[in-house]
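Written below as structure tokens is the structure these notes are about.
Only the coordinates and a few stated rules stand behind these numbers; no lab work does. Note that the structure is a prediction, hence the values are computed from the model and not measured. Quick reminder, even Gly has a Cβ in these numbers, built from the backbone with ideal geometry, and neighbours come from all protein chains shown.
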Amino acid sequence: MTTLNKPNKGFWIISIIALLWNLMGVNQYLQQAYMTDSFKAMYNEEQLKMIADSPSWATAAFAVAVFAGAIGSLLLLLRKKIAKTVLLLSLIGIAVQMFYNFFIIDSMAIYGPGAVAMPIMIIGVALFLIWYTDYSNKKGWLN
């Protein structure tokens, strides 16, 4: 029988921020998938063509990354151990997406050196959330 400990306030703050962060990713994916006017306003024609020409596997990796991230964060907020597995799936989606962006299309050539900052932050947050979920489990906060 597993005894659950009451999480501290930091757990709730981190879990809520994680969910909001990943929901922003879901929003970005949906804007890209539906090519909303606000999405198109952020990019030039060359960038929009590159996005439109993305292979389905790269788009699927983006979807897996953001939806698994959001679901994993929700599961963390609900104090479920399976959150770690779902967040690992998100990290795999991120890795596939980043492979495409940096090694197949050379996004730095299209977006410039600034194209590195956001991916580093995304990977960093994903790794932190996996670590934090494991930490929370060891503290007895997850069931």
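With a point put 7 Å past each Cα toward its Cβ, work out how far W131 is from K9 in nm, to one decimal.
Taking the simple label geometry, W131 and K9 are separated by 2.4 nm.
Pull out the extension gain between Q28 and I16, defined as 0.36 nm times the separation in residues minus the alpha carbon to alpha carbon distance; nm, one decimal.
So the extension gain works out to 2.5 nm.
Please give the contour-minus-distance gain from I120 to M108: 0.36 nm per residue of separation, less the Cα-Cα distance, rounded to one decimal in nm.
Additional length available on full extension: 3.0 nm.
Mind checking the angle between helix 117-138 and the chain's longest principal axis? C-alpha axes, 0 to 90 degrees, to the nearest 10.
Between the helix axis and the principal axis of the chain, the angle is about 20 degrees.
Given the rule -39500 (n - 2.57) for each run of at least 4 DSSP H residues, summed and divided by the residues of the chain, what is its mean residue ellipticity at 222 nm, to the nearest 500 deg cm²/dmol?
So the helix-based figure for the chain works out to -23500 deg cm²/dmol.
Given a 10 angstrom Cα cut-off, can you work out which residue in A95, A61, A41 is the most mobile in a GNM of the chain?
Highest fluctuation among the options: A41.
What size of dipole, in debye to the nearest 20, comes out for the chain about its Cα centre when the only charges are +1 on Lys and Arg C-beta atoms and -1 on Asp and Glu C-beta atoms?
Dipole of the chain, to the nearest 20 debye: 1000 debye.
With contacts defined as alpha carbon pairs under 8 Å and 6 or more residues apart, what's the relative contact order of the chain in percent?
31 percent
In segment 9-138, how many lysine pairs have Cα atoms under 29 Å apart, counting only pairs 8 or more places apart or on different chains?
8
Sort V66, V96 so the one with the fewest other Cβ atoms within 10 Å of its own Cβ comes first.
Fewest to most other Cβ atoms nearby, the residues stand as V96, V66.
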